[in-house]
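Structure first, commentary second.
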Amino acid sequence: MKYSKMQDWGIIKVMQILKKEAKNFANPIVTEIGEKTRSPFMVLVSCLLSLRTNDKITGPVSKNLFKIADTPEKINKLPLKKLKKIIKSVNFYITKSKRIKEISKTLLEKYNGKVPGDFDELMKFKGVGRKTANIVMTYGFFKKEYIAVDTHVHRIPNRLGWVKTKNPHQTEEELKKIILKKYWQDINDIFVTFGQNICKPISPHCRECPINQYCKYYKEVYLPKSG
């Protein structure tokens, strides 16, 4: 998909508006943990806990867990039964507890207890996909070469008409072609916050949306239906 200078300007304008609007809402929990702790391990664990679970649950569960065990050593020593009890509120807590224990053990055995700051190494861990690896690189190591694409970051650019993709990996590759690199580190934060509060999967708040004038979905789907 080729972009004109006018379209490039529109993308920049949208990013500027959304970055400003995002300040009105709470940060996604994984971002908050990264900013407060500067710990790649805690970002990794909180991201695993957040999969298929909303932030209202992930946040308290992550904080409770980290009060008890916030390093691979402490997680490794924690009985699996106790870990399950601590994270029971998140979806798929049984599988997640096993994954967190396995990853902690592997970190101790192969990586000197440190989360590797390499995308391909992260992808070797069972239960870690592109989204999680990108989030750890972005919010755990604060590297600016990655775009973490979750359901919001996949959905919103497609609604806006920036991309026409079928899965998050395709969206990641296309966004890297059209988004200025200075926004890469912010894009997950911005779109997750926007997607949770305005551009929801079902019944998005199009009329109140601060970027509806730039949105293909608003012009081609919402307006004809509401008219």
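Among residues other than PHE142 with Cβ under 10 Å from its Cβ, the summed charge is +2 (Lys and Arg +1, Asp and Glu -1).
Once both labels are positioned 7 Å from their Cα atoms along Cα-to-Cβ, the gap between ASN167 and SER226 label points is 3.5 nm. When ARG155, ARG207 are arranged by Cβ crowding within 10 Å, least crowded first, meaning fewest neighbours, the order is ARG207, ARG155. Full extension of the chain between ILE94 and PHE119 gives 6.4 nm of extra length, using 0.36 nm per residue less the Cα-Cα distance. Model label points for LYS216 and PHE25, set 7 angstrom from Cα along the Cα-to-Cβ axis, are 2.2 nm apart. Take every pair of alpha-carbon atoms less than 8 Å apart whose residues are at least six positions apart; their mean separation over the length of the chain yields a relative contact order of 22 percent. With just the Cα atoms defining each centre, how far is region 179-195 from region 14-74? Give it in Å. Measuring centre to centre over Cα atoms gives 15 Å.
List the pairs from LYS101/LYS143; LYS81/LYS166; LYS20/LYS144; LYS67/LYS164 whose alpha-carbon separation is above 31 Å, in the order I gave them.
Over 31 Å Cα-Cα: LYS81/LYS166; LYS67/LYS164.
Here the contact order of region 1-103, divided by its residue count and restricted to Cα pairs under 8 Å and six or more residues apart, works out to 22 percent. Extension gain, ILE12-LYS181: 0.36 nm per intervening residue step, less the Cα-Cα distance, totals 59.7 nm. Placing a label point 7 Å from the Cα of ASN64 along the Cα-to-Cβ direction, the residues of region 36-58 whose backbone N falls under 15 Å of that point are 49-50, 54-58. The ranking of HIS152, HIS169 by Cβ neighbour count inside 10 Å, starting from the fewest, reads HIS169, HIS152. Shown for the chain are the DSSP H helices of 18 Å or more along their axis, judged by Cα atoms, with a mean Kyte-Doolittle hydropathy of at least -1.0: 5-21, 55-68, 93-110, 184-197.
Could you tell me which of rounded, prolate or oblate describes region 39-140, using a ≥ b ≥ c as the square roots of the eigenvalues of the alpha-carbon gyration tensor, with rounded for a/c under 1.5 and, failing that, prolate when a/b is larger than b/c and oblate otherwise? Oblate, because a/c is 1.5 or more while a/b does not exceed b/c. Taking a temperature of 4 °C and a viscosity of 1.567 mPa s, what whole-number D in µm²/s does Stokes-Einstein yield for the chain with Rh from Kirkwood over alpha carbon pairs? Result for D is 70 µm²/s. Taking other C-beta atoms within 10 angstrom as a stand-in for reagent exposure, SER226, SER203, SER46, SER97 fall in the order SER203, SER226, SER97, SER46, fewest first.
Using θ = phi - 60° in the Karplus curve 6.51 cos²θ - 1.76 cosθ + 1.60, the 3J(HN,Hα) couplings for region 212-225 round to 5, 5, 9, 9, 5, 4, 4, 6, 9, 10, 5, 4, x, 6 Hz; x is entered for Gly and Pro.
Throughout, read-outs are computed from the coordinates displayed, never taken from laboratory work. All values reported here derive from a predicted model rather than from experimental measurement. In this analysis, Cβ positions are derived from the backbone assuming ideal geometry, glycine residues included, and neighbour counts consider all displayed protein chains.
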